[in-house]
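The values are calculated or read from the model by the stated rules, or taken from the named source; none is laboratory data. Since the model is a prediction, treat every value here as computed from it, not as a measurement. Don't worry about glycine lacking a Cβ; one is built from the backbone with ideal geometry, like all the others, and counts go over all protein chains shown. Protein only, heavy atoms only, side chains kept; ligands, DNA and RNA dropped before computing areas. Shrake-Rupley method; radii C 1.70, N 1.55, O 1.52, S 1.80 Å.
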Amino acid sequence: PSPAMAKALIISSGRYISGTGAGTNLPTNSQGYGDINLGLLFDGSPKVLNDQTTVFGATGNQYTITGSVVDTGKPFRVTLTWTDAPG
């Protein structure tokens, strides 16, 4: 995957850590994006990955992805990262 996709996958696999400042929403100044848990990344949950296939060429461009949550017993995570094209 691209560096931006790898970053998104790692951020999405974060879990809460214990200690000072823990117990709030991720990310925080105390725990960042949490502890990397690759088990969450490879848990068999369906994933939609869009890795640099859409290029925005003008202000106001939009891209929409729709879907449905199949298993409400599992977390629903959305992570957006990007790589800026060279200037």
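For segment 1-16, a residue qualifies if it is surrounded by fewer than 16 Cβ atoms within 10 Å (Cβ to Cβ) and either touching a His at 6+ places or on another chain (Cβ under 6 Å) or closer than 9 Å to G34 by Cα (or both), and the qualifying residues are R15, Y16. Restricting attention to segment 65-79, the residues that are open to solvent by 80 Å² or more (accessible area, probe 1.4 Å) and in contact with a helix residue (DSSP H, G or I) (Cβ under 7 Å, 6 or more places away or on another chain) add up to 1. Scanning segment 23-64 for residues that are touching a helix residue (DSSP H, G or I) at 6+ places or on another chain (Cβ under 8 Å) and not hydrophobic (A, V, I, L, M, F, W, C) yields Y33, D51, Q52.
Residue by residue through segment 1-28, note down the ones that are closer than 23 Å to W82 by Cβ and not small (G, A, S).
Step one: of segment 1-28, the residues closer than 23 Å to W82 by Cβ are 1-14, 25-28.
The answer is P1, P3, M5, K7, L9, I10, I11, N25, L26, P27, T28.
Among the residues of segment 49-64, some residue qualifies, meaning at least one is exposed (fewer than 10 other Cβ atoms within 10 Å of the Cβ), part of a loop (DSSP other than H, G, I, E, B), within 12 Å of the chain's Cα centre (by Cα) and modelled with pLDDT of 80 or more. Residues that are in contact (Cβ under 8 Å) with a residue 24 or more places away in the chain and open to solvent by 70 Å² or more (accessible area, probe 1.4 Å) within segment 27-48 comprise I36, L38, P46, listed in sequence order.
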